[in-house]
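Engineer: This is the structure I want to talk about, given as structure tokens.
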Amino acid sequence: GMALLVSITQREIQRLVESKSQLEKRIDALPKFPEQNPLPVFQVDKAGVIVYANLAAEKALANWNCKILDTIPDVFKNIIKDTFNYQDSTPLHIDIGQHKYVFDAVYSKGQGRVNIYGSNVINLESTHQALNIERQSFYDMLDNLPICFHLQASDYSVPYANKMFRERFGDPEDRKCFDLMYRREQPCEVCSPFKVFDDNKKQTSVWNSMDGHTYLTVCTPFKDSNGKDLVMEMAMDITNQENAKMEAIIAKEEAEKANYSKSEFLARMSHELRTPMNAILGFTQLLQMDQKNPLADYQKENMKRVTSAGNHLLELINEVLDLSTVESGEMDLKIETLDLIPLVDNVFSIFQSLANEKNISLKYEEIPHESCLVEIDALRFKQAVLNLISNAIKYNKPNGSVIVSYKKQGNGNMRLGIRDTGHGIAEDKMDKIFQPFERFDVDADQIEGTGIGLTISKKIIESMGGTIGFESVVGEGSFFYIDVPVSDKKPVSLEIEVSSDSTSAFVETSSKKTVLYIEDVPVNVDLVRQILNRRHHIELLSAPNALDGIRIAEVTTPDLILMDIHLPGMNGLEAFKKLQAFNKTKGIPIIALTADAMDGDIKKALDMGFYSYITKPIDVPNFLETVDRVLNQQAKLL
Ligand code: ADP
């Protein structure tokens, strides 16, 4: 029995020893926590004696020269008393050195003591202040921005707006965005900022405000500190830039409109002017050609003057019309690789007789042996060269000379030069020479011209990528030149123009021919009637409008129809289509006869299938030749 008891006791002792050592380990670990707490913790007994203080508390209490087992400093006495009396104590704020503390007292029931916990408070107030200052400077910054800045909430309120926004749209407090910006009572259609709410992506747009300003706006998604979804909108006033742009656009549109109406006007004007010119020139030609009742010599002289004045007027009309085509950019250019030499030579030979007549020598300086390929529109280029050589002869002195030269330029251009020994051009006139209607030669009154030629030439050459220029010395002469790019491509073969002699082509046929003239202006009908009187085999029928014309054509099937284009009611082009649609009339050749001299009109008519196109004023020999040609062809076909 004893042995058993001893063994139990030994085991028990062993167990107790083990428990003790474990407990000791735990106790060892325990008090380290309050000790290591960086905040002050201390305990006071009922007598006001500090019975415990951690390291931080010891440091704090040193402020009052107080340590463990001393009486608590007076500042704490009230909260400790309140706590022992089960009263709520207000936390105690104490500054110790640079630190601010709040001390809370808690009654520890088991021990009958009061625990004091200090917390090291950050100075909230000064933090607040600092924050406020920071916020203010941020707002100041936003207020100084030269843009409207605001925050938009999805409930249409505007939580923040900077100064520029407030100045322009008003104070956003208690107001909705649609009221602020649009003076509306209801939300608008989805606008840029609200699109951002939908797809959370940045939106940039141009916005016109009610007061006529234009803004470039950028709306960006934005979350405030509470995580609320907002949109940040910045609007930069670009009214001035926009205005400048708009002005430019409007100015351009107006210029285009003006230009359009100008060419429209010129086309109309040329039509209106050509019709009476047609009568004047046509009838004077007839009078001059009349052999039955020949004019007296002085009358012939007068007629010559009328013709010459009329021709000048006609030239003016044509040039103004041409200028408007060139200026409007409607010129149809066919840029080809061509040899300059035969082209210039063609113009050269045209002027040879005029030069001889005026006792002016027209020569080449030297003609290059090889061909001289350039990229140009042949017809228009010739027009410019014609103008320059004609001027060099017109504004020359008696026994003067004109020398045409070719010179390759360093920059890949070919320079065609025309040097004269004429009047020259005064320095103060030099910058006006390419302007329309500027004529300043001393003898300009006596020398034929319109003052438009050089204007047109310049436009023509420049539209081909070339340049035109001149040098001149008054009394010595001028040197005009055209520079055009040299081509490295193969040339197109030049068509040789064959001119046929009008009278020889006419074969008098005994068979009668009928010509129908559809024309509303009686004087025109009269003129054509008198012209065609010279062809005894031709009978002229006429109709004052398209419908009558078509009816007559159906009944009589004429050999030729002369069709005016501007007719009352149905116009000549429509009448043409109608005639083409009837079996009986579709084989009849139709010549358009009109005062519309615009290139486009001519092309349109020819494309439609008109046999030919004659512009008024009628050039009598040409007109007769065309009519003869058509009727002869008809005769051969029969
Ligand atoms: P136009 O010959 O019909 O008057 P242009 O436009 O061809 O019109 O020329 C304008 C003006 O420039 C002429 O009126 C004339 O005063 C001057 N001019 C042109 N070419 C010459 C030249 N080779 N020598 C002297 N003056 C010239």
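Laboratory data are not the source of any read-out in this text; all were calculated from the coordinates shown. All values reported here derive from a predicted model rather than from experimental measurement. Quick reminder, even Gly has a Cβ in these numbers, built from the backbone with ideal geometry, and neighbours come from all protein chains shown.
Engineer: Just to check I understand the Karplus step: with θ = phi - 60° and J = 6.51 cos²θ - 1.76 cosθ + 1.60, what whole-Hz values come out for region 290-297, glycine and proline as x?
Structural biologist: Values, residue by residue: 5, 9, 5, 10, x, 6, 5, 4 Hz.
Engineer: Here's another thing I want to ask about it. What shape does region 344-464 take by its C-alpha gyration tensor, where a ≥ b ≥ c are the square roots of the eigenvalues and a/c under 1.5 counts as rounded, a/b above b/c as prolate, and the rest as oblate? Kindly include the intermediate steps, with their values, before the conclusion.
Structural biologist: Numbers: a/c = 1.76, a/b = 1.23, b/c = 1.42.
Judged from the Cα gyration tensor, region 344-464 comes out oblate (a/c at least 1.5, b/c at or above a/b).
Engineer: Further, regarding this structure: Tell me which residues come under 5 Å, amide H to amide H, from residue 543 once H is placed; ignore anything under 5 positions away on its chain.
Structural biologist: 517, 518, 519
Engineer: Quick one: Karplus J couplings for region 60-70, per residue in order, coefficients 6.51, -1.76, 1.60, θ = phi - 60°, nearest Hz, x for Gly and Pro?
Structural biologist: With coefficients 6.51, -1.76 and 1.60, one gets 5, 5, 4, 4, 9, 6, 10, 9, 3, 6, 7 Hz.
Engineer: Take the Cα gyration tensor of region 252-354, multiply each eigenvalue by 5, square-root it, and list the three semi-axes largest first, rounded to whole angstrom. Walk me through the numbers before you get to the answer.
Structural biologist: Numbers: eigenvalues 242, 125, 19 Å².
Its equivalent ellipsoid spans semi-axes of 35, 25, 10 Å.
Engineer: Let me ask something additional. If neighbour count is taken as other Cβ atoms inside 10 Å, put 574, 256 in order from fewest to most.
Structural biologist: Values: 574 14, 256 11.
The most exposed by this proxy come first: 256, 574.
Engineer: Rounded, prolate or oblate: which one fits region 514-638, using the alpha carbon gyration tensor with axes a ≥ b ≥ c (rounded when a/c is under 1.5, else prolate when a/b beats b/c, else oblate)?
Structural biologist: Numbers: a/c = 1.21, a/b = 1.05, b/c = 1.15.
Rounded.
Engineer: Then there's this: Provide the net charge surrounding residue 39, with neighbours chosen by a C-beta distance below 14 Å and charges set as Lys +1, Arg +1, Asp -1, Glu -1.
Structural biologist: Working: positive: 59, 100; negative: 35, 58, 104.
Spelling it out: positives minus negatives among the neighbours equals -1.
Engineer: Could you tell me which of rounded, prolate or oblate describes region 308-365, using a ≥ b ≥ c as the square roots of the eigenvalues of the alpha-carbon gyration tensor, with rounded for a/c under 1.5 and, failing that, prolate when a/b is larger than b/c and oblate otherwise? List each step's numbers first, then the result.
Structural biologist: Numbers: a/c = 3.70, a/b = 1.19, b/c = 3.11.
Oblate is the answer for region 308-365, as a/c is 1.5 or above yet b/c matches or exceeds a/b.
Engineer: Something else: What is the order of 93, 566, fewest Cβ neighbours within 10 Å to most?
Structural biologist: Working: 93 10, 566 14.
Listing 93, 566 from fewest to most nearby Cβ atoms yields 93, 566.
Engineer: Moving to a separate point now. Compute the helix-to-body angle for 522-532: its Cα long axis versus the longest principal axis of the chain, expressed 0 to 90° and rounded to tens.
Structural biologist: Once rounded, one gets 50 degrees.
Engineer: Taking every DSSP beta bridge that has both residues in the chain, what percent is antiparallel when rounded to the nearest 5? Show your work: numbers first, answer last.
Structural biologist: Values: 72 of 94 bridges.
If we restrict to bridges inside the chain, about 75 percent are antiparallel.
Engineer: Ordered by residue, what ³J(HN,Hα) values in Hz, to whole numbers, does region 563-573 give under the Karplus form 6.51 cos²θ - 1.76 cosθ + 1.60, where θ = phi - 60° and Gly and Pro are x?
Structural biologist: 10, 6, 8, 7, 10, x, x, 5, 8, x, 5
Engineer: How big is the gap, in Å, between the Cα center of region 277-302 and the Cα center of region 60-104?
Structural biologist: 135
Engineer: Related question: Could you give the length gained by full extension between residue 426 and residue 571, i.e. 0.36 nm per residue of separation minus their alpha carbon distance, to one decimal place?
Structural biologist: Details: separation 145, 0.36 × 145 = 52.20 nm, distance 5.18 nm.
Full-extension gain reported as 47.0 nm.
Engineer: Under 5 Å between amide H atoms, partner at least 5 residues away or on a different chain: which partners does residue 336 have, H built in plane at 1.01 Å?
Structural biologist: Long-range HN contacts for residue 336: 376, 377, 378.
Engineer: Could you tally the net charge around residue 237, taking each other residue with its Cβ under 15 Å from the Cβ of residue 237, Lys/Arg +1 and Asp/Glu -1? Walk me through the numbers before you get to the answer.
Structural biologist: Working: positive: 163, 166, 168, 245; negative: 167, 211, 233, 242.
Around residue 237, the charge tally is 0.
Engineer: Rank 517, 575, 563 by how far each Cα sits towards the positive end of the charge dipole of the chain (+1 on Lys, Arg Cβ; -1 on Asp, Glu Cβ) and give me just the farthest.
Structural biologist: Toward the positive end, the furthest listed residue is 575.
Engineer: Same structure, new question: Treating the angle as unsigned and between 0 and 90°, give the value, to the nearest 10°, between the Cα long axis of helix 239-289 and the longest Cα principal axis of the chain.
Structural biologist: Result, in degrees: 10.
Engineer: Jot down the radius of gyration and Dmax of the chain, Cα atoms only, both in angstrom.
Structural biologist: 53.4, 185
Engineer: A follow-up question, please. Let me check against my output: what whole-number percent is the relative contact order of the chain, with C-alpha pairs under 8 Å and at least 6 apart?
Structural biologist: Numbers: 958 pairs, mean separation 46.9, N = 638.
Relative contact order for the chain comes out at 7 percent.
Engineer: Given the DSSP H assignment, sum -39500 (n - 2.57) over each helix run of at least 4 residues in the chain and divide by its residue total; what's the result at 222 nm in deg cm²/dmol, nearest 500? Walk me through the numbers before you get to the answer.
Structural biologist: Values: 19 runs with 286 residues, N = 638.
Helix-only estimate at 222 nm: -14500 deg cm²/dmol.
Engineer: Quick one: length gained pulling residue 119 to residue 534 fully straight, 0.36 nm per residue minus the C-alpha distance? Don't skip to the end; give the middle numbers.
Structural biologist: Numbers: separation 415, 0.36 × 415 = 149.40 nm, distance 12.94 nm.
Gain on extension, residue 119 to residue 534, equals 136.5 nm.
Engineer: Around residue 360, what is the net charge, scoring Lys/Arg as +1 and Asp/Glu as -1 over all other residues with Cβ under 14 Å from its Cβ? Don't skip to the answer; put the middle values down first.
Structural biologist: Values: positive: 358, 363, 394, 397, 419; negative: 357, 420.
Spelling it out: positives minus negatives among the neighbours equals +3.
Engineer: Quick one: 460, 79, fewest Cβ neighbours within 10 Å first, how do they rank?
Structural biologist: In increasing order of surrounding Cβ atoms, one gets 79, 460.
Engineer: Further question on the same structure: Tell me which residues come under 5 Å, amide H to amide H, from residue 487 once H is placed; ignore anything under 5 positions away on its chain.
Structural biologist: 373, 374, 375
Engineer: Pairing the Cα long axis of helix 124-144 with the longest principal axis of the chain, what angle in degrees results, from 0 to 90 and rounded to the nearest 10?
Structural biologist: 10
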